[in-house]
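Worksheet: one structure, shown below.
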Amino acid sequence: MADTKALDRRLAERLVRLATALVDQERARVLVPPKAADSGYWFGGGNAMRREDTTWYVVGRYRNPGDSRTGVAAGARGLELAIFAGPGFFGPFEKVRSFSKADLSGPGKAVVSIEGSCLYEDGGRLELYVSCEQEAAYPEQIAAYQKSGTGIWSIGRLEAKDVSSLDPAELQPVLAGKNPAALHVKDPVVFAHPAGGTALLFCSHPFTWSSSNTGLAVRRPGEETFEVVAEEVLPRGPVWDVAATRITDRLPVPPFGPFRDLPPLSLYFYDGAECLRPHDEHPSAVRRPRGYSCEEIGGLAWGYDHLFPRMERLSVERALFVSPHGTGCSRYVATLVTGDTIYASWQQSQADLSQPLVGHALPMEWAEAILARG
């Protein structure tokens, strides 16, 4: 069997330096702004894709203020899934497709809100995964916990040969929660499974909305459906991420320097939070972004590909990705590798408390310098 030894401290530090150089909070540039420069307005929760080496696509959802604590009628929340196209990762971008909540609703399945999405190419077939909150009643034994106007989150998929052919009327169910402990499933992250087939990492929430967790579903080679194989692949952490651990991306590590002698391994970016609601700090406490629901901060894990989904944290005591602005929120990291560059996009809190989609690029020669020479 291939070597499965843990990384020594020096190699782990190089992985952290690579990730923080890529998700550079100070040098990030705005890719897509939200609807307004104010608290509660976001764009992101998706990924970027380059097709046929010519056109770059960015998918994400617009979110306006309002949440289930105040009632969905208090705001539009996740109101639109949008795809942008441009000549490069940094644009300029033009919106080429837009899907409203009404567009994604089906008979008896009205969509209340839209969240995480993912573009994925499988053998020339374009797939768009999207998470929607649909009107539905909680199971009878937990019905008292459901807030008025809310539904249940699940993941669906559109398929077409290209972006222009995606038809919201053909939205097909992919994944839905089957037990109260993971009633809500959303925020898909789709990639080629290291052992073959397709992996789908997803975020789950219990009916109480008291935590965020990451599960794994697998589509076997030649099959169309996904099967849940684990409801928790990276348990919530002991310190700053005790309430939330939501994986948002997998980045295969380039085999530079000492990593050339190790089995292939990957980094996993995740959103973490100390609590689901803001905590008041003691006046003498260390002031820090704690992360909470909708204002998560970022962490990092790693794992050997042949042992996937086994992985280990690199951010045990503190978050690694914190915006220098606003609440400190930095979440929904997504990466894309080309021959000479690694790209990253994420939602980042601004001084005005909005969260635009921002991005940064790391030349592969810089990545080699970090991994090979430390």
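Rule-based calculations on the coordinates, nothing more; no lab input. Just so it is clear, the structure is predicted and the values come from calculations on it, not from any experiment. We place every Cβ from the backbone using ideal geometry, glycine too, and count neighbours over all the protein chains shown.
The ranking of 49, 364 from fewest to most other beta carbons within 10 Å of each one's beta carbon is 364, 49. Describe numerically, in nm with one decimal, the distance between label points set 7 Å from Cα along Cα→Cβ at residue 50 and at residue 341. For the pair residue 50/residue 341, the computed spacing is 0.7 nm.
For region 281-347, the list of trypsin sites (Lys or Arg not before Pro) that fall in a loop by DSSP and count at most 16 other C-beta atoms within 10 angstrom reads 287, 310, 318. Listing 305, 249, 8, 187 from fewest to most neighbouring C-beta atoms within 10 Å gives 8, 305, 249, 187. When the chain is treated as a Gaussian network with alpha carbon springs shorter than 10 Å, the biggest mean-square fluctuation among 339, 149, 91 belongs to 339. Here the chain is treated with +1 on each Lys and Arg Cβ and -1 on each Asp and Glu Cβ, and its dipole about the Cα centre works out to around 520 debye. For GluC sites (Glu not before Pro), the sites in region 8-69 that DSSP calls loop and that have at most 13 other Cβ atoms within 10 Å are 26, 52. With the helix formula -39500 (n - 2.57) applied to DSSP H stretches of n ≥ 4, the chain reaches a computed 222 nm mean residue ellipticity of -2000 deg cm²/dmol. Stretching residue 181 away from residue 38 to a fully extended chain increases their span by 48.1 nm, per 0.36 nm per residue minus the current alpha-carbon distance. About its Cα centre, region 39-233 has a charge dipole of approximately 420 debye under the convention of +1 per Lys or Arg Cβ and -1 per Asp or Glu Cβ, with nothing else charged.
Loop-only check: which GluC sites (Glu not before Pro) in region 292-374 are DSSP coil with at most 13 other Cβ within 10 angstrom? The qualifying sites are 317. Straight-line cross-link partners of residue 109 among the lysines, defined as a Cα under 23 Å from its Cα and at least 8 positions apart when in the same chain: 101, 147, 178, 186. Across region 39-233, the volume of the C-alpha convex hull divided among the residues equals 130 Å³ per residue.
Between residue 95 and residue 261, the simple spin-label model (points 7 angstrom out along Cα→Cβ) gives 5.4 nm.
In summary, the lysines within cross-link reach of residue 161, defined as a Cα separation below 19 angstrom excluding same-chain residues under 8 places away, comprise 95. GNM on the chain, C-alpha springs below 10 Å: top fluctuator among 278, 289, 221? Ranking 278, 289, 221 by mean-square fluctuation puts 221 first. The GNM of the chain, with springs linking C-alpha atoms under 10 angstrom apart, assigns the highest mean-square fluctuation among 198, 248, 225 to 225.
Averaging the Cα positions of each part gives two centres, and for region 125-155 and region 310-332 these lie 28 Å apart.
A value for semi-axes √(5λ) of the Cα gyration tensor in Å was derived from the coordinates, and within the list (1) 35, 22, 20; (2) 77, 24, 15; (3) 29, 24, 22 it appears as (3).
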